[in-house]
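Here's the structure, in structure tokens; my notes come after.
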Amino acid sequence: MEQPDLARAIDAARATAVSLGLRVDDVTVLYSSNKLALRLEPCGVMARVAPVGQEVAQLEVDLARRLARAGAPVAALEPRVDPRVRVRDGFAVTLWVYYAPTAPVVAPGPYARALERLHAAMRDVDSAVPRFTDRIAEAERVVAVPELSPELPDDERAFLGGRLRRLHDEVSGTGREQLLHGEPHPGNLLSTREGPLFVDLETCCRGPVEFDVAHAPAEVAAAYPGIDHALLDRCRELVLAMVAAWRWERGDQFPDGRRHGEQLLRLLRAGAPWPALGALTAGPDGP
């Protein structure tokens, strides 16, 4: 998020928390991209902030409540206030428990078990979310429309568009579909005293579990039971292509996003074996 929007977003989060009786003396930016994550102290709250119309915050809140009831390993909404979206100065603000990290990363075994538990709980939750193929179509549109990706060279546009279309056809209708996290990469998994907890449910969709596992490091996939490894391989290639498209999207605010976009195109041109996205970067936000 760019200045002056960043300052306005911080003010919106601070004012929202204070209006609800939470004390805020200090605000720390935890992550800033198309969305913003803030630590508010001394109240011990994590605020998520995004421009209204560029988020699905209500869906995230609803899913977080239902998944918590189902025993899923997800971060909790702030219990001292009503669990809903607040709008202030053009920003949607949601308030969550802040978890102090207990380790820099989650080890592969606990990561795989947490993802398996998440998927098990998600099978018991019915929610109107897009199919994962809708997200592929979004990436295809970014590449196909030059106004949406003006800096993408023409030869790379043709290459990436063709790759996305092929993979869309290959993975559509494969695997057993269910509710998924959508982007359970290492940047969306916290190491906490309560164990590993997933955050950022705005990307939830329906699809095969292999699509989720493709976002995690290879060691995690190896520890996840019952995976179709041929489908996983196609999903890894697909995820690389989708994230490459988003890094070239006009207005993308992922830190050093253009360099990541160029790196992903090189990897796609190099061919298999496909690296897991989680091995490349800790936080590849989608649109």
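The values are calculated or read from the model by the stated rules, or taken from the named source; none is laboratory data. What you see is a predicted model; the values in this text were computed from it and never measured. For neighbour counting, all protein chains shown are included, and Cβ atoms are generated from backbone atoms with ideal geometry for every residue, glycine included. With ligands, DNA and RNA removed, areas are computed over all heavy atoms of the protein, side chains included. Shrake-Rupley method; radii C 1.70, N 1.55, O 1.52, S 1.80 Å.
Things to note:
- When each of LEU240, LEU268, LEU277 is tested for being crowded, with 21+ Cβ neighbours inside 10 Å and modelled with pLDDT of 95 or more, the lone residue that passes is LEU240.
- Residues that are assigned to a strand (DSSP E or B), crowded, with 16+ Cβ neighbours inside 10 Å and at pLDDT 95 or above, drawn from the stretch 28-47: LEU38, ARG39, LEU40, VAL45, MET46, ALA47
- Residue within the stretch 213-227 that is closer than 17 Å to ALA121 by Cα, touching a Phe, Trp or Tyr at 6+ places or on another chain (Cβ under 6 Å) and crowded, with 17+ Cβ neighbours inside 10 Å present: yes
- Answer residue from the stretch 193-208, given it is among the acidic types (Asp, Glu) and farther than 12 Å from THR102 by Cα and is surrounded by the fewest Cβ atoms within 10 Å (Cβ to Cβ) among those: GLU202
- LEU190 being open to solvent by 20 Å² or more (accessible area, probe 1.4 Å), within 29 Å of ALA128 (Cβ to Cβ) and under 14 Å from the mean Cα position of the chain (by Cα): yes
- Residues of the stretch 90-104 include none that is open to solvent by 40 Å² or more (accessible area, probe 1.4 Å) and in contact with a helix residue (DSSP H, G or I) (Cβ under 7 Å, 6 or more places away or on another chain).
- Residues that are at pLDDT 95 or above, crowded, with 17+ Cβ neighbours inside 10 Å, among the acidic types (Asp, Glu) and within 23 Å of VAL56 (Cβ to Cβ) do occur in the stretch 139-159, at least one of them.
- Contact map, the stretch 90-107: first residue touching a residue at least 60 places away in the same chain (Cβ under 8 Å) and over 21 Å from LEU6 (Cα atoms), second residue small (Gly, Ala, Ser) and assigned to a strand (DSSP E or B), Cβ cut-off under 8 Å, separation 6 or more or different chains; pairs are PRO101/SER191; THR102/SER191; ALA103/SER191; PRO104/SER191; VAL105/SER191; VAL106/SER191.
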